[in-house]
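Trainee: Take a look at this one; I'll ask things after.
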Amino acid sequence: MDEEILENLNEELDNALDRGRQMVEEEELAKRVEELKLRAENLIRKHPVKSVAGGLFIGYIVGKLLSSED
């Protein structure tokens with residue numbers, strides 16, 4: 001009976017640790033995404049014409065790839 005209680009307690013602790021680990025990883029991911037967003041915004045603000053031209057070029061290529069009738 002005592003072993004069963006210890007096993008259940010260990011399982012609960014493992015689950016709690018896993019949930020905590022996931023929360024930390026999600027927070028780190030959110031920070032990284034926010035940092036990348038800020039870097040992209042700064043780059044676009046520094047080079048607006050190049051950014052628009054690059055976006056149009058990428059859109060054109062993706063459109064060609066998706067509409068090709070091979």
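The values are calculated or read from the model by the stated rules, or taken from the named source; none is laboratory data. From a predicted model like this one, the values you see are computed outputs, not experimental measurements. Virtual Cβ from ideal backbone geometry, glycine too; neighbours counted across all protein chains shown. With ligands, DNA and RNA removed, areas are computed over all heavy atoms of the protein, side chains included. Shrake-Rupley method; radii C 1.70, N 1.55, O 1.52, S 1.80 Å.
Trainee: Given the options VAL49, VAL62, name the one that is aliphatic (A, V, I, L, M) and open to solvent by less than 100 Å² (accessible area, probe 1.4 Å).
Mentor: Exactly one residue qualifies, and that residue is VAL62.
Trainee: Quick check on region 14-32. Is at least one of its residues among the polar types (S, T, N, Q), free of Cβ contacts under 8 Å to residues at least 24 places away in the same chain and exposed (fewer than 10 other Cβ atoms within 10 Å of the Cβ)?
Mentor: no
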